[in-house]
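In what follows, a single structure is set out as C-alpha cells and then discussed.
The values are calculated or read from the model by the stated rules, or taken from the named source; none is laboratory data. Values in this document were obtained by computation on a predicted structure and should not be read as measured data. Note: ideal-geometry Cβ built from the backbone for every residue, glycine included; neighbour counts use all protein chains shown.
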Amino acid sequence: MTEIVVEFDRSTQNIGALREAAYRIIGDASCQIDAAGARYFCRLTPKPGRSLMTEAGLREDFLDLVTDENLREKVAAETSRVRDVIMALAFGALAVDREDAGAA
C-alpha cells in the first residue's frame with residue numbers, strides 16, 4: 001500500500017480533531033499532518049502487517065475518526081457550562097464536608 005493523502009480546509013477543520021484522529025488510527029497507520037496555504041494534508045502511511053484494510057477502508061476509517069472528534073469537540077463546547085456547574089457543586093460539597101469534619 002502507498003501513502004494515502006486526505007485533505008481538509010483549514011477554515012472549516014480544527015487541527016485538534018485531526019491530531020486526535022491521527023492518534024486513534026495509530027495502530028493501523030502513521031499520520032503526518034502538514035499545513036500548506038488554506039489546506040491541511042494528512043498523510044497516512046499504513047503499517048505493514050498490522051492492517052488488513054484496503055486504502056479506501058483506511059481513508060474511510062480516518063474520515064470517520066475525524067468526524068467523531070469534531071462531534072466530541074462540539075459536544076464539549078456546548079456542555080462546558082453545565083460541566084463547570086456540576087464540578088463547582090461537587091467540589092463545593094466536598095469543601096463543606098471537610099469543614100464539617102474539621103469542626104467536629
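Some points to look at:
- Any hit, segment 80-91, residues being exposed (fewer than 12 other Cβ atoms within 10 Å of the Cβ) and either among the aromatic types (Phe, Trp, Tyr) or modelled with pLDDT of 95 or more (or both): yes
- Residue selected from segment 16-74 under the condition of a type in the set (Ser, Thr, Tyr) and outside any strand (DSSP E or B), by the criterion modelled with the lowest pLDDT: Ser51
- Count - residues of segment 39-71 that are touching a helix residue (DSSP H, G or I) at 6+ places or on another chain (Cβ under 8 Å) and either touching a residue at least 40 places away in the same chain (Cβ under 8 Å) or of a type in the set (Asp, Glu) (or both): 8
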